[in-house]
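The values are calculated or read from the model by the stated rules, or taken from the named source; none is laboratory data. Everything quoted here is computed from the prediction, not taken from an experiment. Neighbour counts are summed over all protein chains in view; Cβ atoms, including those assigned to glycine, are modelled from backbone coordinates with ideal geometry.
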């Protein structure tokens with residue numbers, strides 16, 4: 001098999017969960033005669049959803065890489081999960097693609113997955129195509145969805161190329177807006193309206209074409225196709241197709257549309273990390289971007305890459321431009337789900353895989369020459385949910401950490417880290433299913449089990465007033481004794497921690513002042529209210545006493561710790577909690593429910609807005625109230641909402657809530673002492 005870059009079309013199939021993306025992929029493979037039998041998600045025979053987890057859930061979890069010949073060219077396309085928790089798979093797929101085919105449910109219209117796909121396409125600067133699917137269902141309405149798209153993205157931008165004939169159960173086919181000569185009576189005016197818009201758009205892409213068009217000349221089919229192609233590349237046109245995958249209506253038109261008017265890989269110009277402009281070419285030095293890595297328990301590490309320029313051959317040497325090391329490409333493979341087909345050579349636009357690279361990982365750039373430049377890394381969202389993890393069996397901690405580090409390399413939206421304040425190891429991800437899937441994968445690759453628990457909140461303590469503390473440490477135990485006396489003054493300091501030495505007359509020798517500060521810092525690691533980190537205060541040592549023989553650094557550390565606790569108790573200490581800023585996106589119908597939940601969680605709504613057909617609420621909420629919000633939001637919006645969040649600041653805890661936290665800490669301390 002030999003590929004030609006000008007006739008390759010490389011695209012990602014994206015959209016909200018349940019819009020029929022996987023079924024479309026299976027149908028496309030079937031129509032291209034890659035498979036003899038049409039795959040089915042329900043029957044667990046889908047080429048795309050082939051993993052046991054996906055077959056069990058009847059839903060995509062991983063991005064699946066597919067390819068098929070089409071007409072004179074070749075399609076490389078990616079089926080992406082619509083479920084928001086697996087957004088890392090979607091981002092990687094967009095990075096590898098040159099166009100986005102966005103599916104929309106004919107009943108539900110614009111959903112969060114639609115908006116997310118649109119934004120990713122904007123970020124990666126790739127053209128978009130809409131396919132309104134499932135128009136055979138009850139209450140499906142193509143023109144209502146088209147109106148939503150035009151309101152959200154532009155009335156002259158989202159223009160239909162095909163229109164449905166019939167509605168719901170009576171859907172019988174689609175007609176082409178550009179070529180249909182005898183449309184049904186109820187569609188004649190609509191066809192003429194949008195045909196004119198398409199011809200205007202095609203003509204506007206070229207000045208000479210526009211002059212001829214305004215002079216009344218008829219444009220050729222080739223000129224119209226080129227004009228639409230240029231308009232799609234520039235973003236001036238986002239074509240909308242109609243159909244039903246279940247009835248195989250409109251799919252052929254989508255496939256031909258992608259082939260006829262979407263750009264080829266040689267038209268995609270990129271900018272490397274060092275600012276170099278990368279213009280794809282068939283010949284010359286080759287470069288490829290590794291957009292995904294997978295740890296397979298049988299094969300080992302499998303790297304997936306998109307060829308940017310030049311060509312790569314099997315059994316050849318390449319250079320990792322990120323770390324400067326040499327790698328060897330063994331057998332290159334193109335992918336159709338779990339089927340791997342050996343290939344001798346790949347060209348721009350090809351998505352392929354290679355096994356057992358030594359030092360190459362996700363986001364690396366490989367090339368045949370150092371004349372090429374490394375590409376920019378991908379941006380991934382912050383995790384939305386965390387769990388404290390521990391080993392089920394003692395002694396397996398190292399295996400767990402090694403396994404999770406491998407999984408995090410494969411999935412950048414999964415993170416493992418140690419919280420130095422709460423002393424917990426945290427596994428962070430995009431939702432409960434994402435975390436559960438990671439734990440399951442860990443068991444497969446490392447053969448270990450982990451406990452998952454709600455993480456402790458990293459509360460902090462500070463003071464709202466001034467306080468003075470004093471402590472005399474005196475101990476005699478034969479031989480040299482221990483003696484130190486320290487007087488401290490503490491006060492609020494918004495800029496952070498500050499230590500000052502105001503001792504005069506040598507009451508405390510200068511060589512013991514560092515020990516005093518060390519004692520203070522140790523005391524600040526575990527505050528008196530709830531054992532939390534203490535911050536935002538100025539500590540001044542202003543007096544003390546020492547003994548020529550019995551004073552020591554240890555004695556002054558102990559005295560400073562106790563003097564600090566004494567001062568802290570008098571300075572009106574308060575508990576502080578982390579506040580996060582959340583941006584919540586959902587259909588407008590759920591506005592009342594979401595607002596109520598935010599208020600119940602002690603949150604403050606900062607603003608409300610509409611963004612591309614979805615309601616957006618920005619709010620500040622205590623972190624303690626957001627531990628399970630990913631799950632709550634999914635339940636509240638029937639999976640049609642999403643959110644992102646970031647740390648904002650620390651804020652004083654409501655007294656009633658603070659008293660509960662402090663009482664719980666003191667009870668736990670007493671229980672530990674009793675033991």
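What about residue 224, is it closer than 17 Å to residue 160 by Cβ, buried (at least 16 other Cβ atoms within 10 Å of the Cβ), free of Cβ contacts under 8 Å to residues at least 60 places away in the same chain and assigned by TED's automatic domain parsing to the domain that holds residue 104?
Details: closer than 17 Å to residue 160 by Cβ: yes; buried (at least 16 other Cβ atoms within 10 Å of the Cβ): yes; free of Cβ contacts under 8 Å to residues at least 60 places away in the same chain: yes; assigned by TED's automatic domain parsing to the domain that holds residue 104: yes.
Yes: the conditions hold for residue 224.
From the list 143, 131, 120, pick out the single residue that is assigned by TED's automatic domain parsing to the domain that holds residue 19, assigned to a helix (DSSP H, G or I) and crowded, with 20+ Cβ neighbours inside 10 Å.
120
Mind listing whichever residues of the range 387-428 are crowded, with 19+ Cβ neighbours inside 10 Å and out of contact with any strand residue (DSSP E or B) (no Cβ under 6 Å at 6 or more places or on another chain)?
403, 407, 411, 413
Would you be able to say whether some residue in the range 210-218 is closer than 23 Å to residue 133 by Cβ and not assigned by TED's automatic domain parsing to the domain that holds residue 321? I'd like the intermediate steps shown before the answer.
Initial filter on the range 210-218 (closer than 23 Å to residue 133 by Cβ): none.
No, because not a single residue in the range 210-218 is closer than 23 Å to residue 133 by Cβ and not assigned by TED's automatic domain parsing to the domain that holds residue 321.
Looking at 239, 280 in this structure, which one is outside the structural domain of residue 133 (by TED's automatic domain parsing), under 27 Å from residue 72 (Cα atoms) and surrounded by 17 or more Cβ atoms within 10 Å (Cβ to Cβ)?
On the way: 239 fails: outside the structural domain of residue 133 (by TED's automatic domain parsing).
Just a single option satisfies the conditions, and that option is 280.
Filter the range 582-604 for residues that are buried (at least 16 other Cβ atoms within 10 Å of the Cβ) and assigned to a strand (DSSP E or B) and give the result.
Answer for the range 582-604, where residues must be buried (at least 16 other Cβ atoms within 10 Å of the Cβ) and assigned to a strand (DSSP E or B): 582, 583, 584, 585, 586.
State whether one or more residues within the range 89-101 are crowded, with 24+ Cβ neighbours inside 10 Å and part of a strand (DSSP E or B).
Yes; the residues of the range 89-101 include at least one that is crowded, with 24+ Cβ neighbours inside 10 Å and part of a strand (DSSP E or B).
If you take just the helices (runs of 4 or more DSSP H) that sit entirely in the range 151-242, which of them hold at least 1 residues that are more than 36 Å from the chain's Cα centre (by Cα) and at pLDDT 90 or above?
Counting at least 1 such residues, we get 188-204, 221-234.
Only one of (1) in the same structural domain as residue 141 (by TED's automatic domain parsing); (2) over 25 Å from residue 117 (Cα atoms) fails for residue 259. Which number is that?
In the conditions (1) in the same structural domain as residue 141 (by TED's automatic domain parsing); (2) over 25 Å from residue 117 (Cα atoms), residue 259 misses (2) alone.
With respect to residue 577, determine if the residue is in contact with a helix residue (DSSP H, G or I) (Cβ under 9 Å, 6 or more places away or on another chain), in contact (Cβ under 8 Å) with a residue 60 or more places away in the chain and on the phi > 0 side of the Ramachandran plot.
Here the answer is no, as residue 577 does not meet what is asked.
If you go through the range 309-338 one residue at a time, how many are under 23 Å from the mean Cα position of the chain (by Cα) and assigned to a strand (DSSP E or B)?
So the count comes out to 0.
Residue 586 fails exactly one of the following numbered conditions: (1) in contact with a helix residue (DSSP H, G or I) (Cβ under 9 Å, 6 or more places away or on another chain); (2) under 29 Å from residue 652 (Cβ atoms); (3) not assigned by TED's automatic domain parsing to the domain that holds residue 481. What is the number of that condition?
Looking at each condition in turn, residue 586 falls short on (2).
Condition test on residue 616, is it surrounded by fewer than 17 Cβ atoms within 10 Å (Cβ to Cβ) and touching a helix residue (DSSP H, G or I) at 6+ places or on another chain (Cβ under 9 Å)?
It is false that residue 616 is surrounded by fewer than 17 Cβ atoms within 10 Å (Cβ to Cβ) and touching a helix residue (DSSP H, G or I) at 6+ places or on another chain (Cβ under 9 Å).
Say whether the condition of being surrounded by fewer than 19 Cβ atoms within 10 Å (Cβ to Cβ), farther than 30 Å from residue 661 by Cβ and over 43 Å from the mean Cα position of the chain (by Cα) is met by at least one residue in the range 516-530.
no
Which condition number in (1) in a loop (DSSP other than H, G, I, E, B); (2) modelled with pLDDT of 95 or more is the one that residue 559 fails?
(1)
What's the number of the condition residue 256 fails, among (1) within 19 Å of residue 367 (Cβ to Cβ); (2) modelled with pLDDT of 95 or more; (3) surrounded by fewer than 17 Cβ atoms within 10 Å (Cβ to Cβ)?
Of (1) within 19 Å of residue 367 (Cβ to Cβ); (2) modelled with pLDDT of 95 or more; (3) surrounded by fewer than 17 Cβ atoms within 10 Å (Cβ to Cβ), only one is false for residue 256: (1).
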